[in-house]
Amino acid sequence: MSLIELTSTLKDLNCRSNFNIQNVTEYMLPDSKEAFYVHQQSQRTRLMIRPAFEIFSAELSLIDGVHSEYDYFHNNQMTRFPKRQNKGVEPVHYGLAFTFDDVMALTAFIDKLSAIVKG
């Protein structure tokens, strides 16, 4: 899924964009203060959620067209996420990364994540 498709779909789903620094954009779920991030590097676009949602990772990955990455994704621009020690000297913000095959997969993912956040 391209960055243009992903950002257009997030806008259609009423996800608010807060800022873009380098190749990271912060978004908020609709009707929520739950932040998530989109990272674009080369032709790869990832969406990151807080590590607290790790207990739901398998459930989110069961959605057709949704793929979770094996390891945590680290980036200093994800300022609303907790930090942990990675490869560097200083702890770095981290989260769970997901990729999507198509618009339907992303839509189902955002709907499921919103339902989880709302309880």
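Summary table
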{"quantity": "Label zone at SER57, where the point sits 7 Å out along the Cα-to-Cβ direction: segment 68-89 residues whose backbone N lies under 12 Å", "calculated": "68-74"}
{"quantity": "1.4 Å probe accessible area per residue over the chain, in Å²", "calculated": "57"}
{"quantity": "For peptides 84-90, 48-54, sequence by mean Cβ density within 10 Å, most packed first", "calculated": "48-54, 84-90"}
{"quantity": "Amide hydrogen neighbours beyond the local backbone of ASN86, cut-off 5 Å, H modeled", "calculated": "VAL92"}
{"quantity": "Paired Rg and Dmax values of segment 3-118, which use every Cα atom, in angstrom", "calculated": "13.3, 40"}
{"quantity": "Principal semi-axes in Å for segment 55-119 [√(5λ), Cα gyration tensor, largest first]", "calculated": "25, 13, 10"}
{"quantity": "Whole-percent carbon and sulfur share, accessible surface of the chain, 1.4 Å", "calculated": "49"}
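The values are calculated or read from the model by the stated rules, or taken from the named source; none is laboratory data. Since the model is a prediction, treat every value here as computed from it, not as a measurement. With ideal geometry, Cβ positions are generated from the backbone for all residues, glycine too; neighbour counts draw on all protein chains shown. Protein only, heavy atoms only, side chains kept; ligands, DNA and RNA dropped before computing areas. Shrake-Rupley method; radii C 1.70, N 1.55, O 1.52, S 1.80 Å.
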